[in-house]
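Have a look at the structure below, then the notes.
The values are calculated or read from the model by the stated rules, or taken from the named source; none is laboratory data. These figures come from a predicted structure and were not determined experimentally. We place every Cβ from the backbone using ideal geometry, glycine too, and count neighbours over all the protein chains shown.
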Amino acid sequence: MAARPYWSGNLRMSLVTLPVSVYSAVNRAQAVPLHEIYRKTGERVHRLNVTEDGDEVERDDIIKGYEVEKGQYVLLEPDEIDDLKIKSSKTLDIAQFVKVEDVDDVYFDSPYFVAPQRDSDEQTFAVIRDALRGSKTMGLGQLAIAGRERLCCVKPYGSGLMLITLRYETEVRDADPYFEDIREKPSSSEELDLAEELIKRKTAKFDPGKFHDHYREALKELIQAKIEHREPVAVEEEQPQPKVVNLMDALRKSLAEKEPAPRKPEPRERPARKTAAPKKAASHSHRRKAS
């Protein structure tokens, strides 16, 4: 079953108009859903739509309102909001191009995949993708999605394009109040050399598969343990590190530590033997399964 587009419309660059579909790049199904439960009965708690007087109202009778004064609202009907047709509701018009490194990370928000709607448009799509990649730029434009007009960028991603919504300048806080007490004192050259050497040794290609959501795994293990009426397998905690007294000593100690040897690939599973496995090995296997 094909994924349902989050948005469909036109990507326009000057005189070139290309029908595209936009899909969410984030897999939200990985979240562990938790509901609110009444402890005494085990029943699920549901939210009711009620007025300030406690009167329950039907969902169809609820509309939007903007508070102009305390308790006074400008009422907006759903059709009135839906009729707010603006240019960016059906067309993402690229207004300008910028170097990728010119946009600070604090402005990036949510990623989406962009693909052509028709097979006949793949050549035009590829030209746009390759031109952006070759110039190391991304296109900036505005798009009306999720009830608001979003600033966004379009950049190459694999064999396709990625759209990333951006925050407006007014949405980003000024960093000065948070950094004003940090003194502009130059670093010690020896300490800086050691720190740079440590970074150099631990620099590697980004591999997101090496990192896991340990909280999610522990939560799933807790739920499974309750289903099976057993104690959950404890998550192995890192040993507390000694307090750093001197930066130079800490850096030297870090550099003196040997890098862990590359992990050998695990052998393929063999048919289980009739004899019972040692307890330690069984516990290790169970922990891996729970993670």
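For every residue, the table says whether it meets (1) at pLDDT 90 or above; (2) closer than 30 Å to LEU219 by Cβ.
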| residue | (1), (2) |
| --- | --- |
| ALA3 | no, yes |
| GLY9 | yes, no |
| VAL16 | no, no |
| SER24 | yes, yes |
| ARG39 | yes, yes |
| VAL68 | yes, no |
| LYS85 | no, no |
| VAL100 | yes, no |
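Can you pull out every residue in the stretch 123-162 that is among the small types (Gly, Ala, Ser), within 23 Å of the chain's Cα centre (by Cα) and farther than 16 Å from VAL98 by Cα?
Applying the first criterion (among the small types (Gly, Ala, Ser)) to the stretch 123-162 yields 126, 131, 134-135, 139, 141, 144, 146-147, 158-160.
Narrowing further to those that are within 23 Å of the chain's Cα centre (by Cα): 139, 141, 144, 146-147, 158-160.
Answer for the stretch 123-162, where residues must be among the small types (Gly, Ala, Ser), within 23 Å of the chain's Cα centre (by Cα) and farther than 16 Å from VAL98 by Cα: ALA144, ALA146, GLY147, GLY158, SER159, GLY160.
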So the helices (runs of 4 or more DSSP H) completely within the stretch 118-236 holding 3 or more residues that are among the hydrophobic types (A, V, I, L, M, F, W, C) and surrounded by 10 or more Cβ atoms within 10 Å (Cβ to Cβ) are 122-135, 189-201, 214-227
Within the stretch 77-125, the residues that are more than 23 Å from TYR157 (Cα to Cα) and among the β-branched types (Val, Ile, Thr) are ILE81, ILE86
Within the stretch 152-185, restricting to residues that are touching a residue at least 24 places away in the same chain (Cβ under 8 Å) and aliphatic (A, V, I, L, M), the one that is farthest from GLU122 (Cα to Cα) is VAL172
Taking first residues from the stretch 8-35 that are among the charged types (D, E, K, R) and second residues anywhere that are at pLDDT 95 or above and surrounded by 14 or more Cβ atoms within 10 Å (Cβ to Cβ), the pairs with Cβ under 6 Å that are 6 or more apart or on different chains are none
Note on the stretch 197-223: residues in contact (Cβ under 8 Å) with a residue 24 or more places away in the chain and more than 26 Å from the chain's Cα centre (by Cα) are GLU197, LEU198, ARG201
